[in-house]
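What follows draws every value from the coordinates through simple rules; no lab data is involved. Everything quoted here is computed from the prediction, not taken from an experiment. Virtual Cβ from ideal backbone geometry, glycine too; neighbours counted across all protein chains shown.
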Amino acid sequence: MIPVSSNTHNKVNGAAKNGRFNNPVNPNDLVVSNKTEKQLEGFNIYLNDMETPLDYVEGTVTAYEFTNFETESNVAGVQSVYSTGLSDIVTIDFEVITSVKENIFDNISVYPNPFSNYIDVSGKELISSIRITNLLGQVVLEQDFDSKSSINTSQLPNGIYLVTLFSVNNDNIVYRMFKY
């Protein structure tokens, strides 16, 4: 906004003296300048090449889906397109996951729960060792796993235990089990 009258400089500067507004500017003395307001028109979308846009999206869309990746490591970029020009390109690095590691524990079960004098484990060939701890965190039984059909728990008092199975790949899973 620009004041219109010939004495506008004094009116604008005189409006705030010593931090106080003494002579407020009359809104009728102001006009809109020739400067146009910046309007968002859309976005340029980039993938790996920040020189050439991959796509242009009109309007205020807030999501974009990339498809057909040529590499696992990528850089995506977005640039706002305004009526008055372009913003800087904002980028983010990301990885494309091409496979999901199989959870070997999907094929394993520990039973019965509650247990009394033994615990059985199915899928034994995938397990390398077992650790049983009480709720105080004390290890009460630990052993390498072999082809035994069950784990002897007769020496354990009744209570709640955490049974940790370790896979041959050093992954582990914890089961909460009850002894009666």
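Figures for the structure shown
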read-out: The range 124-180 versus the range 41-98: alpha-carbon centroid distance in Å; value: 50 Å
read-out: Packing-based exposure ordering (other Cβ within 10 Å, fewest first) of 38, 179, 124; value: 38, 124, 179
read-out: Computed lengthening from residue 88 to residue 57, 0.36 nm per intervening residue step minus Cα-Cα distance; value: 9.5 nm
read-out: From the C-alpha gyration tensor of the range 104-179, square roots of 5λ in Å; value: 19, 13, 11
